[in-house]
Amino acid sequence: MEAAELSGCPCGSQRCLDACCGPLVEDGVPAATAEQLMRSRYTAFVLGRRDHLWRTWHPRTRPDQVEVGDVHWTGLSILDVVAGGAADQTGTVEFEAHYVGPDGPAVMRERSVFERRGGRWTYLEGTEPVEGTEPVGGPEQF
């Protein structure tokens, strides 16, 4: 799906893609907060933008190849944000990502940990998936 095809940002912010996650995903603009990076990474999954996912993944935990899975992402809910502001070095974002996969509708829940590296937010790891969910490619995909 091309970014121009979307009227609203997939992250659920109620803003248009160009005024929300588009500049981060398409142009590599750095995220101001951990939550903004989380939202842009979800948007990258929706758009199939492996380049953004790889670029924003901390090198210590980044896989050689990023897979986006064979699912249709249908919504993102931010449940909790701890730190991750403009003056912080670390932050966590807990979220639910809704999707339709080969076995039907499902939800994955994760607490993502972010770390600032070289002045830019990076995704470090995901923890605490809720039992019974089946994250695509494992919780580290976000």
Inset, instruction - Sort 67-73, 25-31 for me by packing, meaning the mean count of neighbouring Cβ atoms within 10 Å per residue, highest on top. - result: 25-31, 67-73
Legend entry - Relative contact order computed over the chain (Cα-Cα under 8 Å; 6+ residues apart), in percent: 20
Legend entry - Estimated inter-spin distance, residue 86 and residue 7, nm [label 7 Å along Cα→Cβ]: 3.2
Inset, instruction - Using 0.36 nm per residue of separation minus the Cα-Cα distance, give me the extension gain between residue 77 and residue 117 in nm, one decimal. - result: 11.8 nm
Legend entry - Whole-Å distance, taken between Cα centres, linking segment 24-52 and segment 57-78: 10
Inset, instruction - Return one quarter of the surface area of the convex hull spanned by the alpha-carbon atoms of the chain, equal to its mean projected area, in nm². - result: 7.9
Inset, instruction - Compute the distance in nm between two label points, each set 7 Å from the Cα along the Cα-to-Cβ direction, one at residue 19 and one at residue 54. - result: 3.3
Inset, instruction - Treat each spin label as a single point 7 Å out from the Cα along the C-beta direction, and report the residue 98 to residue 67 distance in nm. - result: 2.6
Inset, instruction - Quick one: P(r) of segment 6-65 from all Cα-Cα pairs, 5 Å bins, percents rounded to integers, in order of increasing distance. - result: 4, 21, 32, 26, 11, 4, 2, 0
Legend entry - Cβ-based charge dipole, the chain, positive-most Cα from 113, 30, 17: 30
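What ranking, highest mean first, results for peptides 83-91, 40-48 when packing means the other Cβ atoms within 10 Å averaged over each residue?
Output ranking for 83-91, 40-48: 40-48, 83-91.
FYI, it's all coordinate maths here, none of it is from the lab. Only a predicted model underlies this, so the values are computations on that prediction, with no experimental measurement involved. Ideal geometry is used to build each Cβ from the backbone, glycine not excepted, and the neighbour counts take in all protein chains shown.
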